């Protein structure tokens, strides 16, 4: 692509576009230079600026887009998250009414799970607020519900590019977990941000079987309650999936 005649703002946009072209996958300075044709010194300088504005973040020597890009996308031209949120809201409300727990809709933004919609009671607002923060998808029920239905090649990119001080066997175990989630049709995890609660989540699939979102219920679940909530979440996600044939995002 090169930098002939480009100003600093244009070069920064070229860098952001290079992330989008690779589905948001993290990249190092050398790879970004190869993608864009910009000198490494220019990449370094502009990445510092993008990090300062929280559009890009650094992880283990590589750089990735942040959840803030989703916010900007919605404001600028990304109607899809808003339309998807509006489409899923009836099922969120139905789940909340049926379980009296926090119901959420989430999507993947790069390697993060991001909440795009929620239904909850006033007594749950403090927990609900904590659950709105972007979290690594591999570490959440909603993230795993979506990851499990992605092609293995894309799973590996999202998982392997996720910084984690873990042994290799933990990554292998994650793939086994994703296989189990795909067979079961739902995932469950304890929340890292609110340790006393657990989330149950199921994917919302488009007409080709690709995951576009996840529906989730979060509360302090007992073993007996977990099974009942899983049935409700799977049913809501399946109903939302069936309705997608007539909707475009």
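The values are calculated or read from the model by the stated rules, or taken from the named source; none is laboratory data. Remember, predicted model here, so these are calculated numbers, not experimental data. Cβ sites come from the backbone with ideal geometry, for glycine too, and all protein chains shown count toward neighbours.
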For residue 149, indicate whether it is modelled with pLDDT under 90 and either surrounded by fewer than 18 Cβ atoms within 10 Å (Cβ to Cβ) or assigned to a loop (DSSP other than H, G, I, E, B) (or both). no
Taking residue 108 as the residue in question, decide whether it is modelled with pLDDT under 85 and under 30 Å from residue 242 (Cα atoms). no
Does residue 117 satisfy the criteria of being farther than 25 Å from residue 183 by Cβ and either in contact with a helix residue (DSSP H, G or I) (Cβ under 6 Å, 6 or more places away or on another chain) or modelled with pLDDT of 90 or more (or both)? yes
Keeping to region 211-249, report how many residues are assigned to a loop (DSSP other than H, G, I, E, B) and out of contact with any strand residue (DSSP E or B) (no Cβ under 9 Å at 6 or more places or on another chain). 3
Going residue by residue through region 153-161, is there one that turns out to be in contact with a strand residue (DSSP E or B) (Cβ under 8 Å, 6 or more places away or on another chain) and at pLDDT 85 or above? no
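Please return the ranges of helices (runs of 4 or more DSSP H) entirely within region 1-82 where 2 or more residues are surrounded by 15 or more Cβ atoms within 10 Å (Cβ to Cβ) and at pLDDT 70 or above. Spell out how you get there, then give the answer.
Numbers: elements: 8-21, 29-36, 40-52, 68-76.
Fully inside region 1-82 and qualifying: 8-21, 29-36, 40-52.
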In the set 194, 204, 171, 127, which member is at pLDDT below 70, at negative phi and not in a helix (DSSP H, G or I)? 194
Cβ pairs under 8 Å, 6+ apart or interchain, first in region 212-223 and buried (at least 24 other Cβ atoms within 10 Å of the Cβ), second assigned to a loop (DSSP other than H, G, I, E, B), ordered by first then second residue, are 217/101; 218/101; 218/131; 218/191; 218/194; 218/197
Subset of region 234-246 [at pLDDT below 90 and more than 21 Å from the chain's Cα centre (by Cα)]: 243, 245, 246
